[in-house]
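Right, one structure below, let's go through it.
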Amino acid sequence: MCKPFIRNHHYNFIKNQADYVLHALRTVGDRKVLEAVRYSAQTKVTELFPDVQDDRRAMLESVANLQTAEEQHKFLQALEPYRVEFPPITEAQIRKLFPKNKKLKLPDLVQIDFRNVSYLNWIDISTNKMFIVYHTDGQFVGIEGRYTATNKKSYCFACNRYERLALFSAVSKKRPANASPDYYKAVGNYICMDGHDCNKNMTDVSSLEQFIRAVLG
């Protein structure tokens, strides 16, 4: 039985490396340059999983051997049984993360393919709020904040891709030891308006985790 070990952002990263290999095949005439691209892709992919040394490693290393779009498709299909889904979560669990929101609008969990999720993200237009749910250290965490659509494209702090963004601003729960009762600090950054696109683009969760830590403390 296959034990899943490839999270959503890992899968996106691997897919990008496969794309780079095929792009090089189409555009690079120098054999040495092409071999360098192949070696780079193989190294970057295997470095994601330093503890994987069995036949799964050979599967990952085969990214360097791709020749056609059909081979790329078969390669990605072979990864499917090893993909890790976002941990199961219920509506009740989500509500518990946001206890002050008695009329919390929830995402349609039934429609979500959790293999393609690094974090849950949804917007409540009626309250002008954005909600984020993430799983870390064996538990779910949630943050909420105001969002302001920018009506322009730029680079998202979470996925680092060029997308339509919103300014997301959340109140930090971190308080200095001698803070006054009215102490207030907001943490803000630009994030994809469409959480589906952001999850599809995500190849590294470190920026998202850093933002969550800045809010939650």
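The values are calculated or read from the model by the stated rules, or taken from the named source; none is laboratory data. Quick caveat, the model's predicted, so the values are computed rather than measured. Here the Cβ positions follow ideal geometry from the backbone for every residue, glycine too, while neighbour counts run over all protein chains shown.
Residue by residue through the stretch 128-176, note down the ones that are outside any strand (DSSP E or B) and either of a type in the set (Phe, Trp, Tyr) or surrounded by fewer than 15 Cβ atoms within 10 Å (Cβ to Cβ) (or both).
Selection gives 128, 137, 138, 157, 160, 173, 174, 175, 176.
List every residue pair whose Cβ atoms lie under 8 Å apart, where the two residues are 6 or more positions apart in sequence or sit on different chains, the first residue falls within the stretch 204-217 and is in contact (Cβ under 8 Å) with a residue 12 or more places away in the chain, and the second residue, located anywhere, is assigned to a helix (DSSP H, G or I).
Hits for this filter: 204/9; 204/13; 205/9.
Among the residues of the stretch 10-43, which ones are of a type in the set (A, V, I, L, M) and either without any contact (Cβ under 8 Å) to a residue 40 or more places away in the chain or closer than 26 Å to residue 86 by Cβ (or both)?
Correct list: 14, 18, 24, 28, 33, 34, 36, 37, 41.
Can you find a residue that is at pLDDT 95 or above and either within 11 Å of the chain's Cα centre (by Cα) or in the same structural domain as residue 48 (by TED's automatic domain parsing) (or both) anywhere in the stretch 172-195?
Among the residues of the stretch 172-195, not one is at pLDDT 95 or above and either within 11 Å of the chain's Cα centre (by Cα) or in the same structural domain as residue 48 (by TED's automatic domain parsing) (or both), which makes the answer no.
Would you check which residues across the stretch 44-73 are without any contact (Cβ under 8 Å) to a residue 12 or more places away in the chain and surrounded by 13 or more Cβ atoms within 10 Å (Cβ to Cβ) and list them?
57, 71
So residue 83 ticks every box in (1) surrounded by 14 or more Cβ atoms within 10 Å (Cβ to Cβ); (2) farther than 23 Å from residue 111 by Cβ; (3) under 25 Å from the mean Cα position of the chain (by Cα); (4) at pLDDT 95 or above but one. Which box is left unticked?
(2)
Do you know which of the residues in the stretch 141-150 that are touching a Phe, Trp or Tyr at 6+ places or on another chain (Cβ under 7 Å) and not hydroxyl-bearing (Ser, Thr, Tyr) is farthest from residue 167 (Cα to Cα)?
Residue satisfying both the conditions and the ranking: 141.
Please go through the stretch 124-137 and pick out each residue that is closer than 24 Å to residue 101 by Cα and out of contact with any helix residue (DSSP H, G or I) (no Cβ under 8 Å at 6 or more places or on another chain).
124, 125, 126, 127, 128, 129, 130, 131, 135 - these are the residues of the stretch 124-137 that are closer than 24 Å to residue 101 by Cα and out of contact with any helix residue (DSSP H, G or I) (no Cβ under 8 Å at 6 or more places or on another chain).
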